[in-house]
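Structure record follows, encoded as structure tokens.
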Amino acid sequence: MQVGVAPEETAVLTRWRKRSDNHVLVRIKAEAILHASRGVDVGIIAEMVKRAERTVQEWLADWRDTRMCSVPAGHAGNQNAAEPARARKQELKAVLARWPR
């Protein structure tokens, strides 16, 4: 099952795959999508990422539906892996920590 990936998306997925601070699930989803974009068979991808073929097929179907939004695992550590959400939470903490006037 081959999926289409734009050059900009390839660059982001490659960075996500290489970063050690991302959750493991984000890294393996990125890797699976990159391999699928190059025409690698789903069975081989499933072996490489140590997941069931059905799971990899679901990831690829999600990719087709929502593109980059499908990669971050929102359940990991009860935090959304998307950077803007994390930055927004830090901003909110800073505002709430200010002394009242």
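The values are calculated or read from the model by the stated rules, or taken from the named source; none is laboratory data. Predicted model only: the values in this text are computed from it and were never measured. No Cβ is skipped: glycine too gets one built from the backbone with ideal geometry, and neighbour counts run over all protein chains shown. These accessible areas exclude ligands, DNA and RNA; they are computed on the full protein's heavy atoms, side chains included. Shrake-Rupley method; radii C 1.70, N 1.55, O 1.52, S 1.80 Å.
P(r) tail for the chain, what percent of Cα pairs lie past 21 Å? Numbers along the way, then the final one.
On the way: 1935 of 5050 pairs.
Here the long-distance tail beyond 21 Å is 38 percent of all Cα pairs in the chain.
Length gain on complete extension for the stretch Asp62 to Val12, per 0.36 nm per residue less the alpha carbon to alpha carbon distance? Walk me through the numbers on the way to the answer.
Numbers: separation 50, 0.36 × 50 = 18.00 nm, distance 1.70 nm.
Full-extension gain reported as 16.3 nm.
Quick check: pseudo-label points 7 Å beyond the Cα along Cα→Cβ at Glu47 and Arg98, how many nm apart are they?
5.8 nm
Find out how many positive minus negative residues lie around Arg27, taking Lys and Arg as positive, Asp and Glu as negative, among other residues whose Cβ is under 11 Å from that of Arg27. Display every interim value, and only then the final one.
On the way: positive: Arg15, Arg17, Lys18, Arg19, Lys29; negative: Asp21, Glu31.
Overall, the nearby charge balance is +3.
All other residues with a Cβ under 10 Å from the Cβ of Arg51 taken together, and with Lys, Arg as +1 and Asp, Glu as -1, what is their net charge?
Once all neighbours under 10 Å are counted, the net charge is 0.
Roll a 1.4 Å probe over the protein chains and send me the accessible area per residue for the chain in Å². Before the final figure, lay out each step's value.
Working: 6780 Å² over 101 residues.
On a per-residue basis, 67 Å².
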